[in-house]
1. Looking at (1) under 21 Å from residue 201 (Cβ atoms); (2) surrounded by fewer than 21 Cβ atoms within 10 Å (Cβ to Cβ); (3) in the same structural domain as residue 304 (by TED's automatic domain parsing), can you tell me which one residue 350 breaks?
2. When residue 86 is evaluated against the numbered criteria (1) in contact with a strand residue (DSSP E or B) (Cβ under 6 Å, 6 or more places away or on another chain); (2) under 30 Å from residue 1 (Cβ atoms), which criterion, by number, is the only one it fails?
3. For segment 561-570, does any single residue satisfy the condition of being closer than 30 Å to residue 458 by Cβ and in a helix (DSSP H, G or I)?
4. Which one of these is over 22 Å from the mean Cα position of the chain (by Cα), surrounded by 19 or more Cβ atoms within 10 Å (Cβ to Cβ) and over 27 Å from residue 365 (Cα atoms): 307, 295, 259, 278?
5. Yes or no: segment 446-455 includes at least one residue that is without any contact (Cβ under 8 Å) to a residue 24 or more places away in the chain and touching a helix residue (DSSP H, G or I) at 6+ places or on another chain (Cβ under 7 Å).
6. Just need a number here: residues in segment 602-613 that are assigned to a helix (DSSP H, G or I) and either under 60 Å from the mean Cα position of the chain (by Cα) or surrounded by fewer than 14 Cβ atoms within 10 Å (Cβ to Cβ) (or both).
7. Quick one: would you say residue 420 is in contact with a strand residue (DSSP E or B) (Cβ under 6 Å, 6 or more places away or on another chain) and free of Cβ contacts under 8 Å to residues at least 40 places away in the same chain?
8. State which residue is surrounded by the most Cβ atoms within 10 Å (Cβ to Cβ) when the search covers only segment 223-256 and only residues that are part of a strand (DSSP E or B) and without any contact (Cβ under 8 Å) to a residue 24 or more places away in the chain.
């Protein structure tokens, strides 16, 4: 069975509550003060079964002082019943309520002229013409206009039929986002504990779900659910839902909190929005204006920064703006909101969110900012995903951040990622996403830095990864940096050598003097065998004393890089051939002394023909290389 939410709208004392009672038999005025004063002060609720459609009514107050309460319920409606009393016609709150519904994107509805038993036919026709004029040019233009008397019952059955017919035309709610229920009421039920109610605007909620009340960050568990007064195991988007919560006291809950899956969404205090200013607004919407923003069931104060060159959005016009909120809210792209002036409290604008976690915008970037917002306003999910990734720059964005920023389900997010990658707009690395254009720029930066290093240090085998990262990639996500080097290596642009990288085209450029020094050092160490000289002694023997220490160190490093020499300790180097010969001798000794394969320092010195000065560093090196393993004062030859 299809479920929809119908919201009443209209001026005070135009018979909204009486109409709901005539349709459902339920008096939606539940507060003692409402009974005493005879007016609706807060939201009221009722249900109506129309066979193949289940209607949940939200009855809203019509008095101008209670528009705040009206807005807390209006966010979740699928269809509006615009109520106009036949004896008064269109009044100020009729227009304001209608403007609010239009700004909230409510595109389905009907007009109900009430109290028809109190006027003659001529006045009824006049009010009908007034109603047609009010809705002309809007989405309700051509909507059914019905005449009803709640007192006599005249027209009630026709209204039910029209409600059913209109409700069947309402499209189902999107299933792309995770569950969200803006709380419009909280109370305690004896024997059950805390209960919250609201319209489930997206997703579904089931018994046992772990949820979170945001922006407070209160973790709760769903203990039970009711829809239309009936216990259910799962509630679906579009249903008025009462949820019994465990793990929380009702005093911690207030109207405006949002119930969502635990750990999925994040609060925000900066929204990039597309604003539609009413023609009836007293003045343009200007930067630095302090306003009241109504989002979901919440009201929060905010400062406006208009993102248009003029610094204002005129009456009857649309434009981009940023709302800097004075307290956190939960918001997602394409959610609708209402803006009311700070004082006096009058509805002046509304619109939809484009970026719910916006950054501050610099003046020189305004054209680029507007271009991105235009893409968000007109694009699809892939555009939305790609723009959010582009805005993150080289910092990149993680999967959890995109999930919180969009509210998408895992399936929708995965599809957006796949399509963005196929379109080569995004690169993924270990669950982190960066724009393809940014990735390509970083790749060029890396190659430029490596080439510059080779030019500065032609004798070095390359640049260390950490040095490269510190010089060009301090703001880049580490996952992106690793993916970047891997990509450049895969396309043959660079070569990795342990912790160093070099350009694939890089070759050592040695002068004749360097070649002689390199050959001389290699010869000195080869002839010294296991009685290796100090570095300074080796340089002197090789005839390189006229070179600087830094330069000779680089030549020595070349011998280490091509594995001619081995660094055994910080200042002790041996020729590879000498070490290989010693290792062979050790293993020959081990084979003759099976199964113990043990050796002490004294025996090692005899086998190698060296003094303790060389024996201890060599044994420690062999331990590190797993050629030997220390066992007390002796070692096992492996």
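The values are calculated or read from the model by the stated rules, or taken from the named source; none is laboratory data. Please read these numbers as outputs of a predicted model, since none were measured by experiment. Every residue, glycine among them, receives a Cβ derived from its backbone with ideal geometry; neighbour counts consider all protein chains shown.
1. Residue 350 satisfies all of (1) under 21 Å from residue 201 (Cβ atoms); (2) surrounded by fewer than 21 Cβ atoms within 10 Å (Cβ to Cβ); (3) in the same structural domain as residue 304 (by TED's automatic domain parsing) except (2).
2. The single condition residue 86 does not satisfy is (2).
3. Within segment 561-570, the subset closer than 30 Å to residue 458 by Cβ is 561-570.
From what is left, the residues that are in a helix (DSSP H, G or I) are 561.
Looking for residues that are closer than 30 Å to residue 458 by Cβ and in a helix (DSSP H, G or I), one finds at least one in segment 561-570, hence yes.
4. Values: 307 fails: over 27 Å from residue 365 (Cα atoms); 295 fails: over 22 Å from the mean Cα position of the chain (by Cα); 259 fails: over 22 Å from the mean Cα position of the chain (by Cα).
Sole residue among the options that is over 22 Å from the mean Cα position of the chain (by Cα), surrounded by 19 or more Cβ atoms within 10 Å (Cβ to Cβ) and over 27 Å from residue 365 (Cα atoms): 278.
5. Yes, some residue in segment 446-455 is without any contact (Cβ under 8 Å) to a residue 24 or more places away in the chain and touching a helix residue (DSSP H, G or I) at 6+ places or on another chain (Cβ under 7 Å).
6. Just the residues of segment 602-613 that are assigned to a helix (DSSP H, G or I), to begin with: 602-608, 612-613.
Retained after the next criterion (residues that are either under 60 Å from the mean Cα position of the chain (by Cα) or surrounded by fewer than 14 Cβ atoms within 10 Å (Cβ to Cβ) (or both)): 602, 606, 612-613.
Going through segment 602-613 one residue at a time, the tally reaches 4.
7. So residue 420 fits the description; yes.
8. Going through segment 223-256, the residues part of a strand (DSSP E or B) turn out to be 223-227, 230-232, 234-236, 240-246.
Next, from what is left, pick out any that are without any contact (Cβ under 8 Å) to a residue 24 or more places away in the chain: 225-226, 230-232.
On the way: 225: 21, 226: 17, 230: 8, 231: 11, 232: 16.
Per the stated criteria, the residue is 225.
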